[in-house]
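Q: Encoded as structure tokens, here's the structure I'll be asking about.
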């Protein structure tokens, strides 16, 4: 399968509105970060999104994401959810309902705020046509085993996801021991790394590197970064098997 990083930015994106720091003024395209999400292109042709941030339309056009067959949600915060209406285009193109997967908090939030989109196909495609499915354990999707990885995001419980030898863990402040066992023997790990200094709901660089050294994925890519993290400066500080992800990064994963 191919993993496409649609966005690796934090909730404000980079550049940040009104900011004139070196990262926000940088000409390096790897410092241009939309809100954090990813697309997985399966060898069987299906495309599975991880989250639908508010930049989804822009990201999909940029990366030629011309179909979406399912969405895995990590949590219901706006920067990971509020592009949900852009799924309408895929419902129209494919003439099919799109299933959404997430924990109870995601299911409750989407049902409460986006109930108009949760409906069965009826020949009327001017709204998204989605189906919410709550998950509390591993499940099969298009022949792939999807393993939810419970983690903490401050006080709330959210999900990372493991698919084969790849895992995606964003917006994490703590990975419980039982979830660490789900992250062994990875080829690729996408891991939250908000900034240099500590934060109450995200791990920062020192903690990200500590988790990377414990998980021991063959390659780790840092995601969900603020404008504090300038690409070249950060890349120069990392060990050989840890990398700075960027919008548009493509990774082939067995």
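All of the numbers you see were taken from the coordinates with simple rules; none came from a lab. Please read all numbers here as calculations on a predicted model, not as lab measurements. Note that we place each Cβ from the backbone using ideal geometry, even for glycine, and neighbour counts take in every protein chain shown.
Q: Restricting to the range 104-254, what percent of DSSP beta bridges are antiparallel, rounded to 5? Intermediate results must be reported in sequence, preceding the final value.
A: Numbers: 15 of 28 bridges.
For the range 104-254, the DSSP antiparallel bridge percentage is about 55.
Q: Further, regarding this structure: Name the shape class, rounded, prolate or oblate, that the alpha-carbon gyration tensor gives for the range 82-165, where a ≥ b ≥ c are the square roots of its eigenvalues, rounded holds for a/c under 1.5, and otherwise prolate holds if a/b is larger than b/c and oblate otherwise. Provide the component values of the computation, followed by the final result.
A: Working: a/c = 2.49, a/b = 1.51, b/c = 1.65.
Taking the square roots of the gyration eigenvalues as a ≥ b ≥ c, the range 82-165 is oblate.
Q: So what's the back-of-envelope 222 nm ellipticity for the chain, counting only DSSP H runs of four-plus at -39500 (n - 2.57) apiece and dividing by all residues, rounded to 500?
A: Working: 7 runs with 49 residues, N = 254.
The helix-only estimate for the chain comes to -5000 deg cm²/dmol at 222 nm.
Q: Right, something else. Arrange 27, 55, 247 by Cβ neighbour counts within 10 Å, fewest through most, would you? Mind dumping the intermediate values first?
A: Values: 27 6, 55 23, 247 26.
So the ranking, lowest neighbour count to highest, is 27, 55, 247.
Q: Any chance you could run the full-extension gain for residue 140 through residue 200? It's 0.36 nm times the residue separation minus the Cα-Cα distance, nm to one decimal. Could the numbers behind the result be given before it?
A: On the way: separation 60, 0.36 × 60 = 21.60 nm, distance 3.38 nm.
Result: 18.2 nm gained on full extension.
Q: Which value in nm describes the separation of the simple spin-label points at residue 44 and residue 20, placed 7 Å from the Cα toward the beta carbon?
A: Computed distance between label sites residue 44 and residue 20 equals 5.4 nm.
Q: With a cut-off of 19 Å, note down the residues of the range 199-214 whose backbone N falls inside the zone around a label point 7 Å from the Cα of residue 184 toward its beta carbon.
A: Answer for the range 199-214: 211-214.
Q: Could you tell me the distance between the Cα centroids of the range 169-218 and the range 1-46, to the nearest Å?
A: Result: 19 Å between the Cα centres.
Q: A further question on this structure: Within 10 Å of each residue's Cβ, count the other Cβ atoms and sort 21, 193 from fewest upward.
A: Values: 21 13, 193 32.
So the residues, fewest neighbours to most, are 21, 193.
Q: Here is a further query. Taking every DSSP beta bridge with both residues inside the chain, roughly what % is antiparallel (nearest 5)? Don't skip to the answer; put the middle values down first.
A: Details: 28 of 53 bridges.
Around 55 percent antiparallel, to the nearest 5.
Q: How big is the convex hull of the Cα atoms of the range 1-146, per residue, in Å³? Show your work: numbers first, answer last.
A: Working: hull volume 17.5 nm³, N = 146.
Expressed per residue, the convex hull around the Cα atoms of the range 1-146 is 120 Å³.
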